[in-house]
Amino acid sequence: MLALVRLLQILYAAYKFRLDTFIAVRRLPWTIRWLFIPITWLPTPDAPRGERLRLFFEHMGPVFVKFGQLLSTRPDLIPPDLMNHLDKLQDNVTPFPSEDFVALVEASLEAPIDSLFKQFDREPLASASVAQVHTATLHNGKQVVVKAVRPGLEPVIEKDIALLRLVAFLAESLSADGRRLHMRDVVEEYRHTIFDELDLLREAANASQLRRNFQGSEMLYVPEVHWDYCRRDVMVMERIFGIPVTHVDALNAQKTNMKCLAERGVEIFFKQVFEHNFFHADMHPGNIFVSTENPHNPKYIAIDMAVVGSLSREDQYYLARNILAMFRRDYRLVAELHVFSGWVPEDTSIGELEAAIRSVCEPIFEKPLSEISFGHVLISLFQTARRFNMEVQPQLVLLQKTLLNIEGLGRQLYPELDLWSTAHPYMERWIKNRFHPKALLTELRRYGPEWMEKFPEIPHLIFNNLEQLQELTKLTPEIKQATKAVAAKPNTVVRRKQIAAGVLILAAVTAWPGFWTWIQNLPKTSLALILVAAAVWLLR
């Protein structure tokens, strides 16, 4: 009954904000079209559809606001006119009673609030759709913030998600845009995202990792997590004091070096993505502050690490190569990298993809580099590749959104920011350092023991795989006889040569990040012959 009432509330709100204009009503079958007849008599709304969608989410409450925020992180799916308004969704929610907050903290930490803290402020510092924050002081005098998940949120989320699934199903059934946007997949992604945010131990772990990555850095400060006070629904961390990054007047008043601040934002982003491979993926202005300690050498302060991202080693490499190739206007290389990385199907025509990328990028690069939006170039590139059946990985989408936030913020602080002048030398240096002998030695030390343990199994695995591929590859009797001879070699002889060969192979694989992609793309016949030849040569 409650679900039916909630569904009626959603339908009423959809009518109120004229969400019917998102659907081509005339193309619907008569069995459904009659439901829309009453509202088609209403005048066409003056407000843009993006604004009406934002107001709908805000009207429906916290769960829908969070869903709208998730949609705003999908520039690969959502049209720009909707993105511009969804980015404005506010997460300011009416706080729940302080008594409930105190009871939740005491139940989780199994102690009275007065024994846990020397001082506790019962007035909330901030209230969001998922959690609420209060300030406190520990008995050792350290000032902290106490964050707790809203009580009773999970049942509400499950009910609203069930209704969102229904809405998504109807959208995909009734609208071509709904099918193109994969609305049901977006709803499932939202479910995973919001339930991850309910686990404050996950956020605390993310914050600790990010703090460790930037320990002693002059660019970014991450507050300390007090693990003794952390549970799944409660988290306590150091209280920070700084100027919100959007308060430009306050930053100018303390004579902040805005050029340095903007460039450091870009450098922090690339350091997280390419050096640490662990990036804060929710870097909207509300989560970023600027320290007041040294305005001439400004430092960022980051909070709210519920959403983080990372890339595979291959995606890191191909992304860096793609960005460098794009700004050199080497569209052929961009197309080849897309195919070689597996981002688009291997049977994609390189020439056609190259032409499509050129048609998108050339108008952009006619502008001065300082006026080019780095984030929008990536979005345009991925949108073009989608025409060739590219499935964008969620990590790449998170990276796009984070880059857009950083770029927009940097140019708000310092309009003359040339992001490319900061990014270009950084990526050139990263690619060069990645293949430095010291880096290769580090990789050998890191992965060598694990891989070497598996090398004795290689001859048997080769033989077993060749047996399975025999019918497909049409192996000749001579090759088959050679493989059997390899498998029959005494294990003591094999092991010594495997160790020597294994070190060389491991070094080669480490030096070439695209090795496994290349192997996967080889025809099975070629792969079988290469494996047999390598085995015979190494074990002869």
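Below is a table of values for the structure above.
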read-out: Number of the condition not met by Asn140 [criteria: (1) farther than 23 Å from Asp199 by Cα; (2) in contact (Cβ under 8 Å) with a residue 12 or more places away in the chain; (3) not aliphatic (A, V, I, L, M)]; value: (2)
read-out: Within segment 121-163, tally of residues that are open to solvent by less than 20 Å² (accessible area, probe 1.4 Å), of a type in the set (Val, Ile, Thr) and out of contact with any strand residue (DSSP E or B) (no Cβ under 7 Å at 6 or more places or on another chain); value: 2
read-out: Residue within segment 323-342 that is at pLDDT below 85, part of a loop (DSSP other than H, G, I, E, B) and of a type in the set (Asp, Glu) present; value: no
read-out: Residues that are free of Cβ contacts under 8 Å to residues at least 24 places away in the same chain and either over 20 Å from Leu399 (Cβ atoms) or open to solvent by 10 Å² or more (accessible area, probe 1.4 Å) (or both), drawn from segment 324-336; value: Arg328, Asp330, Arg332, Leu333, Ala335, Glu336
read-out: Residues within segment 207-235 that are under 21 Å from Val105 (Cβ atoms) and open to solvent by 20 Å² or more (accessible area, probe 1.4 Å), tallied; value: 9
read-out: Single residue of segment 75-99 satisfying the filter (assigned to a loop (DSSP other than H, G, I, E, B) and at pLDDT 80 or above) that is surrounded by the fewest Cβ atoms within 10 Å (Cβ to Cβ); value: Pro97
read-out: Close pairs from segment 406-431: first over 15 Å from Met258 (Cβ atoms), partner part of a helix (DSSP H, G or I) and open to solvent by 20 Å² or more (accessible area, probe 1.4 Å), Cβ under 6 Å, at least 6 apart; value: Trp420/Leu369
read-out: Residues being closer than 24 Å to Asn206 by Cα and buried (at least 21 other Cβ atoms within 10 Å of the Cβ) - total across segment 242-260; value: 1
read-out: So Gln412, is it modelled with pLDDT of 75 or more, in contact with a Ser or Thr (Cβ under 8 Å, 6 or more places away or on another chain), open to solvent by 10 Å² or more (accessible area, probe 1.4 Å) and part of a helix (DSSP H, G or I); value: yes
read-out: Test: residue in segment 39-57 that is open to solvent by 50 Å² or more (accessible area, probe 1.4 Å), at pLDDT 70 or above, touching a Gly at 6+ places or on another chain (Cβ under 7 Å) and under 30 Å from Asn389 (Cβ atoms); value: no
read-out: Residue check, Ala171 modelled with pLDDT of 85 or more and either in a helix (DSSP H, G or I) or out of contact with any Phe, Trp or Tyr (no Cβ under 6 Å at 6 or more places or on another chain) (or both); value: no
read-out: Selection status of Arg321, crowded, with 21+ Cβ neighbours inside 10 Å and over 28 Å from Ala204 (Cβ atoms); value: yes
read-out: Count of segment 238-279 residues which are assigned to a strand (DSSP E or B) and of a type outside the set (Val, Ile, Thr); value: 3
read-out: Every residue from segment 298-322 that is under 22 Å from Arg264 (Cα atoms) and part of a loop (DSSP other than H, G, I, E, B); value: Pro298, Lys299, Ile303, Asp304, Met305, Val307, Ser310, Leu311
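The values are calculated or read from the model by the stated rules, or taken from the named source; none is laboratory data. The shown structure was predicted, so the numbers you read here are calculated from the model rather than taken from an experiment. Cβ coordinates were reconstructed from backbone atoms using ideal geometry, including for glycine residues, and neighbour counts include every protein chain displayed. With ligands, DNA and RNA removed, areas are computed over all heavy atoms of the protein, side chains included. Shrake-Rupley method; radii C 1.70, N 1.55, O 1.52, S 1.80 Å.
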